[in-house]
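Since every read-out is calculated from the coordinates, none of them should be taken as a lab result. None of the values given here were measured: they were computed from a predicted structure. Every residue, glycine as well, gets a Cβ built from its backbone with ideal geometry; the counts of neighbours run over all protein chains shown.
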Amino acid sequence: MTSIVLDAGALIALDRNDRATWALLRVAADDERAVFVPAAVIAQAWRDGRRQVLLARAMAHCSEIPLDGHVARAAGSLCASARTADVIDATVALATAGAARSGDVAIVTSDPDDLRHLLDTIGVDATIIVA
């Protein structure tokens, strides 16, 4: 069963009530698929939970991946290897790598080129869905 990793673009799409992104999340929930969101991604999209009711509702269906020192160092190292600077995208790529250990994985993103480059750098195969 395919796990899903959401990036900030996906969270913003959910917050803006994008029907396609909501449908994807609903299907994942119905199929009992794991949906992961790195904590750094949440920080990128979260501004005011009182006004972001849709985003809060979506997050109830997701597993948050904490950003600890180990992940932070791994993200920085990945950026160095890939010659990129976006550590948030690096945390998405690392979350995808972790999910890929258990089976197929898809990323929902608004930044497919950068994530593909990061995944190629660490040798992870994942489906990329543009939000």
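Packing-wise, with mean Cβ within 10 Å as the measure, how do 11-18, 53-60, 92-99, 80-87 rank, highest first? Kindly include the intermediate steps, with their values, before the conclusion.
On the way: 11-18: 18.9, 53-60: 15.4, 92-99: 24.9, 80-87: 13.5.
The peptides rank, most packed first, as 92-99, 11-18, 53-60, 80-87.
Quick one: which residues, 5+ away or cross-chain, put their amide H under 5 Å from the amide H of V5? H built at 1.01 Å from N.
Excluding prolines and chain starts, which carry no amide H, the hits are F36, A106, I107, V108.
Report, in degrees rounded to the nearest 10, the 0 to 90 angle that the Cα long axis of helix 19-30 makes with the longest principal axis of the chain.
90
Modelled label-to-label distance, H61 and I128, 7 Å Cα→beta-carbon offset: nm?
2.4
Using R₀ = 22 Å, calculate the FRET efficiency as 1/(1 + (r/R₀)^6) where r is the Cβ-Cβ separation of A29 and R101; round to 0.05.
Working: r = 22 Å, r/R0 = 1.01.
With R0 = 22 Å, the Cβ-Cβ based efficiency is 0.50.
Count charges around V92 for me, please; just the other residues with Cβ under 12 Å from its Cβ, Lys/Arg as +1, Asp/Glu as -1. List each step's numbers first, then the result.
On the way: positive: R116; negative: D7, D86, D89, D111, D114.
Net charge in that neighbourhood comes out at -4.
Counting only other residues whose beta carbon sits under 11 Å from that of A39, what net charge do I get with K and R as +1, D and E as -1?
Residues close to A39 contribute a combined charge of -2.
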